[in-house]
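No value in this document is a laboratory result; all are computed from the given coordinates. Treat the numbers as computed from the prediction; the structure is a model and nothing was measured. FYI the Cβ positions are ideal-geometry reconstructions off the backbone, even for glycines, and counts take in every protein chain you see.
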2 protein chains.
Amino acid sequence: MMIKKKLKNKFPSELRMDLVSNDWVIIATGRGRRPESFAREKREKEKASSKDCPFCKEDNIKEKVARRDKKDGSWFVIAIPNKYPALSSGRQLTERKEGPNRIMNGFGYHEVIITADHQRPLALFSQKEVEMVIDLYQARYLDLIKKRYIKYISIFHNHGKSAGASVAHPHSQLIAAPVIDPDLRGSLDGAESFYQSQGKCVYCAMLEWELKDGQRIIYQNDKFVVLCPFASQVAFEVRVYPKKHQPYFEKMTEDEKWLFADALGKALNKIYKGLDNPAHNFYIHTAPAGGGDYNHYHWHLNILPKTATWAGFELGAGIEISTIEPEKAAEFLRKAK
Amino acid sequence: MMIKKKLKNKFPSELRMDLVSNDWVIIATGRGRRPESFAREKREKEKASSKDCPFCKEDNIKEKVARRDKKDGSWFVIAIPNKYPALSSGRQLTERKEGPNRIMNGFGYHEVIITADHQRPLALFSQKEVEMVIDLYQARYLDLIKKRYIKYISIFHNHGKSAGASVAHPHSQLIAAPVIDPDLRGSLDGAESFYQSQGKCVYCAMLEWELKDGQRIIYQNDKFVVLCPFASQVAFEVRVYPKKHQPYFEKMTEDEKWLFADALGKALNKIYKGLDNPAHNFYIHTAPAGGGDYNHYHWHLNILPKTATWAGFELGAGIEISTIEPEKAAEFLRKAK
C-alpha cells in the first residue's frame, strides 16, 4: 500500500493517444522539472557578425515584400533560392527501379525566406512585421503550387543552432516536393478515417472541446487559437489553429492573415519570454497541393521548442516522452509576458 | 542547357522509398560533405569523474551477468530499475476518457542496463563482452514479456550527450509498455502488406538483393549482416539483420547471440573509428510481445549516428534529409578499422 501510494505521487505519468495519428505518447512528469528549469542554461554564442553573414548581402531576390512604412522601398522580407537545395528543378522528374527499390530524382524547389534584420527573431516582431512574413509564405506557396510535379510544399523555420539553424540570421525555408510527406500522409489518413466514422473534422472536434475545457489554451483571438496539444510530443509543444474549418493555409484572406500574425507572434513571444529564447522549429501542415479531396483536413502551425535532446526511446519506439504536462506548459506560457 | 548541366552535377539528390514504411526520403549529396568531415570537430567533455557517477555505486541490482573470466564473481553488466522511470508498475492499468481523448495511466517497466567500466563504450568491447550485454538484454526481455499488460519492449542505447545520454557511464535502457509503438506498428503493417501482395518477407527480399548487390554491405558473418539501408534516414545509418527469417529477437540461440555480438561489435567499432566516436543511438525492433501473428516480421537493430541536428524539414515534413549516399557511407565504414 505504501509503495503504491509513493509511486502514484512520484510518477503520475500517462499514456495519451493523439486523436489524429492514433499514436500514443507518454506524459511522464516524474522527471520532475518545473517550467522555469526548461530555460536554456546558457545562451549559445552563434551570432556570426553581420559582416560575414551570407544573408545580409543577398541580391539574388526571387520575390520580396517591401517595408511598407518606408518611402525608400527597402525590403523587409525576401525569398531567394537556397544555395544548397535539397531538391532542384533543372530536370524532368523521372523514376526508376533498383532491385526492389523505387528511386526518383530529387525534383523540386528549395527557397529561403529572409527578414532584413540580422539579429531580431520573429518572436520580437510586431504584428505588422509577422504579417509581412506570412504574406511572403503565401505568395511563394501560390507560385510554386502551380509548378509541374509538385504535390506538397513544406514551410518551416529553424531558430538556434540546436534546432538545426546553420545560419544565425533569422530565416525560414520552403521546400516544394513531388511527394506528400509521410507525417502529413498519416495525419490526412487519420483525419479522413475520423471523418468517415464521426461525420466531422477531427480538428474541429478537438478545438470545440479544448475551447470549452480551457486548460491547454494559451491565447486566442476571433479567428485563431494557440494551445498546447493534449498529446504533446515534446515539452512546450505549441500549435496555432484557425477556429473555422479550413484545409488550405494558402486560402487565408487578408483579414485572416492579420489575425494569424497576431496569434503566431503571441505564441513565439511567449515561448521567447517564458523559456528564455530557446532554440525551436516551427512548420505549417496544410492539405496537399494539386487536387484530391482533402476537405476533412484542417491546416495548422506547429512549434517545437528544443528543451531536450531526442534520445533512443523516442527514436526507436516512436512513443515520444514529454517531460511536462501540456496543461502546466500552457498555464506557464499563458502567463509569460 | 548550361544551367541544367551545372545543377545535375552539383546536386545529384534523389528521393528513395523505404520498402517497408513506404516513406520517401531525400538523399541530397549536394550538401557536399566527404565522409571524413562527419567526424566530430571536438570531443565533448562530458565525462563526470567516476566518483560522482550514479552508476558506479549502484547496488539495487535486479539481474546481473557476472564476468565469467574472473573468479571473484564481480559483475560485468547489470540491470537495475530506472530511478526516473517513464513508466512504472505500481498500479493497475486503467483507461479513461477526457472529452474526445483516451488516457491510460503510465503502466510499465523502465530499467537501465549498465556495464561496469565507467569509461569504455560498447564500441571497444570484445565479442565476449558484447555477448554478455546481449545476454542480459535477452534475459530482461524474457522476464518482462511475461508481465501483465505488456505489449511491447523497447531496448535502446544512447551514447553521448547530443544523443540524449544524461549520464556518461555507458548504459542501455529497456522500456516495457502496454502499447505497441507507432513506428513499429507502421513497420509491422508495411511488412504484412508486402507479405500479402508478394508472398514473402519484405526484409528477406531486401536482404537477398542487398547481399547480391553488395554496395551497402559493411560486414557479414554466417548469420548476420551489417549494412547501410537503401533509404537511410540519417547519414551513416547502420542496421544489423539476422540473415535467416526470424520475427523475435528474444528467440536467439546461444550460437546466434555469439554471432550477433560479433556483428554488433564490428558495426559499433567501425562507426567509432570512422567517425571519431560520434554520439549515437541504437535500438532493437522486434515483433511485439504477447501473441498476434507476426510471422511476416523480421527483427533487427538500428544504429543512428548523430552527425547533424534534426531540423524543421525533417520534423515538419517527415521526409528525412540524409547528406551522404548510403553506398558511400557503407564503403567508408567497410574500410574503417
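Distance between the 7 Å Cα→Cβ label points at A:SER197 and B:ALA139: 4.3 nm.
Look at the alpha carbon pairs under 8 Å that are at least 6 residues apart: their mean separation over the length of segment A:50-177 gives a relative contact order of 26 percent. Computed from label points 7 Å out along Cα-Cβ, the spacing between A:GLU208 and B:TRP209 is 4.6 nm. Within 10 Å of the Cβ of each residue in A:173-180, the mean number of Cβ atoms contributed by other protein chains is 4.
With neighbour counts taken as other beta-carbon atoms within 10 Å, the residues A:ARG185, A:ARG91 rank, fewest first, as A:ARG91, A:ARG185.
Over all residues in B:86-94, what is the mean tally of Cβ atoms on other chains that come within 10 Å of each residue's Cβ? Intermediate values should be presented prior to the final figure.
Values: counts 12, 9, 8, 1, 8, 3, 1, 1, 0.
Mean shielding by partner chains, rounded to a whole number: 5.
By other beta-carbon atoms within 10 Å, ranking A:LEU124, A:LEU144, A:LEU136 with the fewest at the front produces A:LEU124, A:LEU144, A:LEU136. Cβ crowding within 10 Å ranks B:ILE61, B:ILE180 as B:ILE61, B:ILE180, fewest other Cβ atoms first. A label point on A:ARG96, set 7 Å along the Cα-to-Cβ line, lies at 6.0 nm from each of its counterparts in the other copies, closest listed first.
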